[in-house]
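Okay, structure first, notes after.
Values in this text are rule-based calculations from the coordinates and carry no lab data. The shown structure was predicted, so the numbers you read here are calculated from the model rather than taken from an experiment. Here the Cβ positions follow ideal geometry from the backbone for every residue, glycine too, while neighbour counts run over all protein chains shown.
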Amino acid sequence: MSSILQCPVCRKPLFLTTNGYQCAALHSFDAARQGYVNLLLAHKKHSKEPGDVPEMIRSRRRFLDLGYYNQVSEAINEITGVLLSGLGCGSDCSVLDAGCGEGFYLHRLKNFVDFGDKTRRPIEYHGVDVSKFAVRQATQRDRATAWFVASINDLPFLEASLDIVLNIFSPTNILEFSRVLKQNGSLLFVSPGPRHLNGLRDIIYPVTREHAAPSITEKAEGLFSLLTMSRLNYQLELEGSQTIMDLLAMTPYFWNINRPTKAKVAALDRLALEVDVEIRVFTKREGRATLTS
Ligand SMILES: C[S@@+](CC[C@H](N)C(=O)[O-])C[C@H]1O[C@@H](n2cnc3c(N)ncnc32)[C@H](O)[C@@H]1O
Ligand SMILES: [Zn+2]
């Protein structure tokens, strides 16, 4: 299979070596002991350790492994499964999870696809996150997936090299997604629905406002067409302070709320809340288009 990876220094293809990747200009990137490869150049970092910090990653891992978001993952898997079936890609079918965190969704997608259809041609799975700690955790889930430390703002993939990009509760760069996707490739974008985490938000804020619609649809205009939009909504009953605090640590609220509010959440032993998630599928449009901002 030809390389789909792109050297972050010179933008030439990157090829697999015995201990990592190298381009024709001899820029080389060694695999870490844990199995991932760091393709984030030091001068492109906006902080010493960009992305989610270990505390958040550990909380996310603990919370997600309790199964509370399995329904979200199952909905993503169903939709991606249908997209994959319609692709008819040959031996070079590639999926990227952009902002993969600690690997929960991509790992479950891989298991779902692999168990669902043994006759399917192999699919290459790639996970990218700017947080080294997140990617380290992801490698523990699955060594067969190619995990990279890199930014969604400078994806280490060649132009038109990927079939599907997943972007789940993570920052978005629509121009980069358009660059790396093949013609008619799909972007699966997952974001909080209007009532997401109501119950928790009722405790944190005096007034619980609906989440605004994401700006992706306007940003995608000219580059992508919206194919489908679905909404998943269900109730959760969380038990135990650790689980409730883990959920809080997965959200931006953890950093935004003051100490007394955090203490109020920490004192809870039960919490009823809503999971409300929107899943949009966009198709990359033919031809080059200019972006409307
Ligand atoms: C809310 S978490 C979601 C993680 C995962 N998709 C999930 O739902 O479990 C957002 C993730 O985006 C990552 N992130 C933030 N900025 C990024 C960037 N510029 N490039 C890639 N990942 C980024 C963070 O490190 C974090 O893992
Ligand atoms: Zn290079």
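Based on C-alpha pairs under 8 angstrom that are at least 6 apart in sequence, the chain has a relative contact order of 19 percent. In a reduced charge model with +1 at each Lys and Arg Cβ and -1 at each Asp and Glu Cβ, the chain shows a dipole moment near 600 debye about its Cα centre. Note: relative contact order over the stretch 230-292, using C-alpha pairs below 8 Å and six or more positions apart, is 54 percent.
A Cβ-based charge dipole, computed about the Cα centre of the stretch 65-218 with Lys and Arg at +1 and Asp and Glu at -1, lands at about 200 debye.
Each principal axis of the Cα cloud of the stretch 148-204 was taken in turn, and the coordinate range along them, longest first, works out to 46, 25, 17 Å. Each label was represented as a point 7 Å from its Cα along the Cα-to-Cβ direction; for Gln22 and Arg285 these points are 4.3 nm apart. Counting only Cα atoms, the size of the stretch 47-154 along its three principal axes is 42, 32, 21 Å, in decreasing order. Distance between the modelled labels on Arg143 and Leu226, one decimal in nanometres: 4.4 nm (7 Å Cα→Cβ projection). Taking amide H atoms as placed 1.01 Å from N in the peptide plane, the amide H of Leu14 lies under 5 Å from those of Leu5, Gln6, Cys7, each 5 or more residues away in sequence or on another chain. Please grab the % of Cα pairs in the stretch 93-159 that end up more than 15 Å from each other. Across the stretch 93-159, Cα pairs with separations above 15 Å total 48 percent.
Look at the dipole of the chain built from charges on Cβ: of Ile244, Phe148, His46, the Cα furthest out on the positive end belongs to His46. Rg then Dmax, both in Å and based on the Cα atoms of the stretch 23-99: 17.5, 47. Can you tell me the orientation of helix 54-64 relative to the chain, as the angle in degrees between its alpha-carbon axis and the longest Cα principal axis, to the nearest 10? Between the helix axis and the principal axis of the chain, the angle is about 80 degrees. Look at the dipole of the chain built from charges on Cβ: of Ala220, Phe133, Gly101, the Cα furthest out on the positive end belongs to Phe133. When the chain is treated as a GNM with alpha-carbon contacts under 10 Å, the residue of Tyr125, Tyr253, Tyr205 showing the greatest mean-square fluctuation is Tyr205. Counting lysine pairs in the chain that sit 8 or more residues apart in sequence, or on different chains, and whose Cα atoms lie under 25 Å apart gives 18. Put a dot 7 Å past the Cα of Trp255, heading toward its Cβ, do the same for Val82, and the two dots end up 3.5 nm apart. Once the Cα atoms of helix 132-141 and of the chain are each reduced to a long axis, what angle between those two axes, in degrees from 0 to 90 to the nearest 10, is obtained? Rounded to the nearest ten degrees, it is 80. Ratio of Rg to Rh for the stretch 188-258: 1.04 [Cα atoms; Kirkwood radius as inverse mean 1/r over pairs].
Ordering Gln34, His211, Asn233 by Cα displacement along the dipole of the chain toward the positive end leaves Gln34 in first place; charges were set at the Cβ atoms of Lys, Arg (+1) and Asp, Glu (-1). Relative to the 2.2 N^0.38 Å rule of thumb, the stretch 140-252 has a C-alpha radius of gyration ratio of 1.30. In whole percents, the pair-distance distribution calculated for the chain from its alpha-carbon pairs, binned every 10 Å from zero, is 6, 27, 35, 23, 8, 1. The Gln235 and Glu55 beta-carbon pair, evaluated with R₀ = 22 Å, returns a calculated FRET efficiency of approximately 0.20.
Compared with the alpha-carbon gap, the fully stretched path from Arg62 to Ala32 is longer by 8.4 nm at 0.36 nm per residue.
Contact order, relative form, for the stretch 42-140: 40 percent (alpha carbon pairs under 8 Å, 6 or more residues apart, mean separation divided by residue count).
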